[in-house]
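Notes follow the structure.
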Amino acid sequence: MKIVVGDRNVLPHREQLSMGLPDDVEVVWVVPFDEATAIEELGDADVYVGGRFSAAMGAAAPRLRMIHVAGAGTDNVDRSGLGPDVLVCNTFHHEQSIAEYVVAATVMMRRDFLVQDRALRDGRFRTSVYDPSIPQPMSLSGARIGFVGFGHIGQRTWRLFEAYGCVGAAVTGSGRDTGASLEWHSDTNDLVNLMQWSDVVVVSAPLTDDTRGMIGASELASLGADGVLVNVGRGPLVQEQALFDALSDRVIAAAAIDVWYRYPGPDGVGKPSALPFEELPNILMTPHSSGVTHHTFVGRVADIAANITRLHQREMQCRY
């Protein structure tokens, strides 16, 4: 069995991957990823590990039996060049890391730490202790946390918020009760009610035709001038112009955005939006990094090795 690895996030865990695989496999590393090199190696490959897979790569891989993405999303896998029996697997393990990001970002934005940091670099102690026009910030105790989407990320995040004494509610596509200790739950028809109820809204819903642009100007206005938005789902769940305007005009207090409207090529250089979010003082901008930790990829590499081993043993299914 030949495995081609084209994901640089797996490379720090090379030894772990090798130890988890059967002894008689060959592993070829195409890191940093180069499509032409990958195509050369895929001619006799059984497995490809990586997030980007083009139709040309599929056409060059007649023996391929599995594509394993080292992440949750398979949207960058072009299946048009693949046979019907090729497995496409994914893996998670990011929920703890993303939950930590959401809570940390919420504290940072609600307590105005970004603005305080920038002011202190200019020699200004920007706090109510020295400036009575600045209100005392709110802690997480008693904060109302609204979840748009309540899958494995939302549920793990709620466990952390709950430990701080927060109150929670959620809207999901189905509206089903997950058994979590939320104050209330409903379907997305109650999205505006959730925004009005919440101090902080955490967006982690999947991006579909139904959810694209689900949060726009009216929903952000419902969140209100003290509200904080944290998006760790997908950028287009929130309308781009509406988000920019809501932050610029202080319709909402702040936002932490980890998922974007534009993404760069392999060099990692490029603006995340056509709009100048970087000029706004009330936004925390991160490069889709909320789930990128050592902890996440240790779990993902274990899943990848286990699924390849199952394939080697003729067990044709993905597990995570």
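The values are calculated or read from the model by the stated rules, or taken from the named source; none is laboratory data. Since the structure is predicted, the reported quantities are computational estimates derived from the model, not experimental observations. Counting neighbours? That spans all protein chains shown, and the Cβs are built from the backbone with ideal geometry, glycine included. For the accessible areas, the whole protein counts, side chains as well, though only heavy atoms, and no ligand, DNA or RNA atoms are used. Shrake-Rupley method; radii C 1.70, N 1.55, O 1.52, S 1.80 Å.
Taking 22 Å as R0, compute the FRET efficiency from the Cβ-Cβ separation of VAL88 and ARG8 and round it to 0.05.
Efficiency, rounded to the nearest 0.05: 0.65.
Given R₀ = 41 Å, FRET efficiency for ASP122-TRP184 by Cβ-Cβ distance, to 0.05?
In this case the efficiency is close to 0.40.
Stretched out fully, how many nm does the piece from GLN196 to ALA55 gain, at 0.36 nm a residue minus the Cα gap?
Result: 46.3 nm gained on full extension.
Just to be sure I understand the rule: take each whole DSSP H helix in the chain, project its Cα atoms onto its long axis, keep it if the span is 24 Å or more and its mean Kyte-Doolittle hydropathy is at least -1.0. Which ones pass?
Answer set is 294-312.
Taking the simple approach of a point 7 Å from Cα along Cα-to-Cβ for both GLU315 and GLN16, what is their distance in nm?
It works out to 2.0 nm between the two label points.
Using a 1.4 Å probe on the protein chains only, how many percent of the accessible area of the range 141-270 belongs to carbon and sulfur?
Of the solvent-accessible surface of the range 141-270, carbon and sulfur hold 44 percent.
Which values of log₁₀ I(q)/I(0), to two decimal places, follow from the Debye formula for the range 161-234 at q = 0.16, 0.17, 0.23, 0.24 Å⁻¹ with a uniform point scatterer at every Cα?
Ignoring solvent entirely, the Cα scatterers give -0.57, -0.65, -1.21, -1.31.
So how much slack lies between VAL27 and TYR263, counting 0.36 nm per residue of separation and subtracting their Cα-Cα distance, in nm?
82.1 nm is the gain from fully extending VAL27 to TYR263.
Could you tell me the distance between the Cα centroids of the range 68-119 and the range 281-311, to the nearest Å?
The range 68-119 and the range 281-311 have Cα centres spaced 7 Å from each other.
From the square roots a ≥ b ≥ c of the eigenvalues of the alpha-carbon gyration tensor of the range 94-285, which class results: rounded (a/c under 1.5), prolate (a/b over b/c), or oblate?
Oblate shape, in that a/c is at least 1.5 and b/c is the bigger or equal ratio.
State in Å² the accessible area per residue of the range 94-285; use a 1.4 Å probe, count heavy atoms of protein chains only, and round to the nearest integer.
49
For an R0 of 35 angstrom, estimate the FRET efficiency from the Cβ-Cβ distance between GLU40 and SER289 and round to the nearest 0.05.
0.65
In what sequence, highest mean first, do 141-154, 100-113 appear when ranked by Cβ atoms within 10 angstrom?
141-154, 100-113
Provide the packing ranking of 58-67, 231-240, 207-216, 261-270, i.e. peptides ordered by the mean count of other C-beta atoms within 10 Å per residue, highest first.
Averaged packing, sorted descending, gives the order 231-240, 58-67, 207-216, 261-270.
Express in nm, to one decimal, how much length is gained between ASP245 and ASP210 on full extension, taking 0.36 nm for each residue of separation and deducting their alpha carbon distance.
10.3 nm
From a point 7 Å beyond the Cα of ARG111 in the direction of its Cβ, which residues of the range 117-141 have a backbone N at a distance under 15 Å?
Inside the label zone: 117-118, 126-129, 136-141.
How large is the helix-only mean residue ellipticity at 222 nm for the chain, computed as the sum of -39500 (n - 2.57) over DSSP H runs with n ≥ 4, divided by its residue count, in deg cm²/dmol to the nearest 500?
Here the helix-only value at 222 nm equals -9000 deg cm²/dmol.
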